[in-house]
Amino acid sequence: MWPIFSALVLISSVPAVYCQFFECHDDPSFDPQEGALSELQFTWLGALQYIHVKNGTPHYFRVPRVVLITRQFVLSTAVDAAQIPDGYALGNVAFGDYERDEVECRLTVEELSRGAECDPAILLMPIADVLLHPEYKHFGAKNSLAILKLITPIKSKYMLPACLPFKNHLMLRNGRQTKDRLYHVDFASDVPRDFIEEEKEVTRIRLLPRELCYLYDNPENATGKVPRRMACTTGCGFHSGAPSLVHEHTGHWSIVALSQGGFPCPDPLRARRPPAPPRHILIHPYVPWITAAITGKAVGAFAKDDPFGFIMPRASIYDQLGHGWLGHWWMGGLRCYDRGEAADDIFKFYHEIFSLKPTTFTYMSYYLEIDAAHGTIVICVKVGMPYQLGKPRVWELDTPVVKVRIPLITFSHQYQLQVEAWAYNATSSSTSEEPSSTSEEEPEDDY
């Protein structure tokens, strides 16, 4: 598995697989710690601005959060989209860390190889349409979701949306709530104003028993639908629309809940009754409505194995399919796009970071042969690069040994990339069939 350097690279163009809702945030190598983020990440987190109808200034006390779920739609709470402060109107959706690609920065591949960087920018996107969930408009549900349509799709190929959940990640098969910790992502300041210096922070939270959600409830304000779509967690000081996520083993960041807002963190020097726990709107029950509203498909038209209504191929022996860029990652193989139960049989067995710091202009390409363990088959290779320089090539998938070629051009600055390989156990299916065949033959021995 040592890299072999070669001088010539032959790259053949292959069709890429692009599916709406499957083109979402996939970063298997990123495992953030609690606290402020030190690197550019979670660019799908935005803020909803209210603009004063007379002087055009933004609201300085209420700035809800929104989440980008496709390149033209963001998700927010229904209260933030419908209950606008007096004297204000819906303004823009602001992305403080808008990661531009090379096309928008007007940088060539040669300039990038010489060390030129595309600095993040601030994106203010007007809102074209607002869609409130029917339970909020017609059935009196106080806490629900809304979809905001942006006036134009986001063009940068590095601005990947967050993933919608394909299942209820918060409930186990036995009907109990999960005890795993969730990632809660939000801006560091209560009211983001200067997005140039605005930071994001990560908080790890846990679910609380459902009984605690109703201790502070007024029965007159509750509806029959809210309890099944609400959860309470640890923590305090959450803001409306801030998302909570799970990091799947495939690397996808899936939204599981949006915060309803709540009480600020209590002063530890003043003894008083603890505030009500933070409440969150669960996303999974709304996935059929979200996908129907965006795609225009009826709920009954969704495929059973795919809540988003798209038929996604699971495996292929052809090396020409499923190869293409997804943000900063080159996906080699159709199985790289699998999530959920379709990805239960795959695991990551190889991850390595390569870093080069040449002393002069250098032209180099990586060539690797990744050999899996005995009884395993390699079905996916992911290549992470700072920019989409060239097209890596992955071939001989569905075999124990896969070949990877990563082209690099002439460069003179430090360059870093990473390679991941995913496989499945080829002997698991045959092993699971042995007991059944043995049990069928035992009665014949008794006779």
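The table for this structure:
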{"item": "Any hit, segment 212-231, residues being at pLDDT 75 or above, among the aliphatic types (A, V, I, L, M), under 22 Å from the mean Cα position of the chain (by Cα) and within 18 Å of L45 (Cα to Cα)", "result": "no"}
{"item": "Residue that is farthest from A426 (Cα to Cα), among those in segment 307-353 that are of a type in the set (F, W, Y) and modelled with pLDDT under 85", "result": "F308"}
{"item": "Selection status of I127, crowded, with 16+ Cβ neighbours inside 10 Å and in the same structural domain as V74 (by TED's automatic domain parsing)", "result": "yes"}
{"item": "Out of Y387, Y363, Y337, sole residue that is of a type in the set (F, W, Y) and in contact with a helix residue (DSSP H, G or I) (Cβ under 7 Å, 6 or more places away or on another chain)", "result": "Y387"}
{"item": "Entirely in segment 229-290, the strands (runs of 3 or more DSSP E) that have 2 or more residues that are out of contact with any helix residue (DSSP H, G or I) (no Cβ under 8 Å at 6 or more places or on another chain)", "result": "243-247, 253-259"}
{"item": "Y136 vs. criteria surrounded by 13 or more Cβ atoms within 10 Å (Cβ to Cβ), outside any strand (DSSP E or B) and touching a helix residue (DSSP H, G or I) at 6+ places or on another chain (Cβ under 6 Å)", "result": "yes"}
{"item": "Those residues of segment 161-189 which are in contact with a strand residue (DSSP E or B) (Cβ under 7 Å, 6 or more places away or on another chain) and part of a loop (DSSP other than H, G, I, E, B), in sequence order", "result": "P161, A162, L164, P165, H169, L170, T178, R181, A188"}
{"item": "Residue list for segment 399-408, restricted to those being crowded, with 18+ Cβ neighbours inside 10 Å and not in a strand (DSSP E or B)", "result": "L408"}
{"item": "Pairs with Cβ under 8 Å, 6+ apart, first in segment 147-161 and on the phi < 0 side of the Ramachandran plot, second crowded, with 19+ Cβ neighbours inside 10 Å and charged (D, E, K, R)", "result": "S156/E99; S156/R100; Y158/E99; Y158/R100; M159/E99; L160/E23; L160/D26; P161/E23"}
{"item": "Single residue of segment 38-81 satisfying the filter (among the charged types (D, E, K, R) and surrounded by fewer than 22 Cβ atoms within 10 Å (Cβ to Cβ)) that is modelled with the lowest pLDDT", "result": "E39"}
{"item": "Enumeration of residues in segment 100-114 that are touching a strand residue (DSSP E or B) at 6+ places or on another chain (Cβ under 8 Å) and buried (at least 19 other Cβ atoms within 10 Å of the Cβ)", "result": "R100, S113"}
{"item": "Failed item in (1) in contact with a helix residue (DSSP H, G or I) (Cβ under 7 Å, 6 or more places away or on another chain); (2) surrounded by 14 or more Cβ atoms within 10 Å (Cβ to Cβ); (3) within 18 Å of G241 (Cα to Cα), with K142 passing the rest", "result": "(2)"}
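Okay, residues lined up against (1) modelled with pLDDT of 85 or more; (2) more than 22 Å from C213 (Cα to Cα):
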{"position": "E110", "(1), (2)": "no, yes"}
{"position": "R114", "(1), (2)": "no, yes"}
{"position": "P120", "(1), (2)": "no, yes"}
{"position": "F139", "(1), (2)": "no, no"}
{"position": "A146", "(1), (2)": "yes, yes"}
{"position": "K155", "(1), (2)": "yes, yes"}
{"position": "A162", "(1), (2)": "yes, yes"}
{"position": "L170", "(1), (2)": "no, no"}
{"position": "L182", "(1), (2)": "yes, no"}
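The values are calculated or read from the model by the stated rules, or taken from the named source; none is laboratory data. Being a predicted model, the structure only gives us computed values, none of them experimental. Note that we place each Cβ from the backbone using ideal geometry, even for glycine, and neighbour counts take in every protein chain shown.
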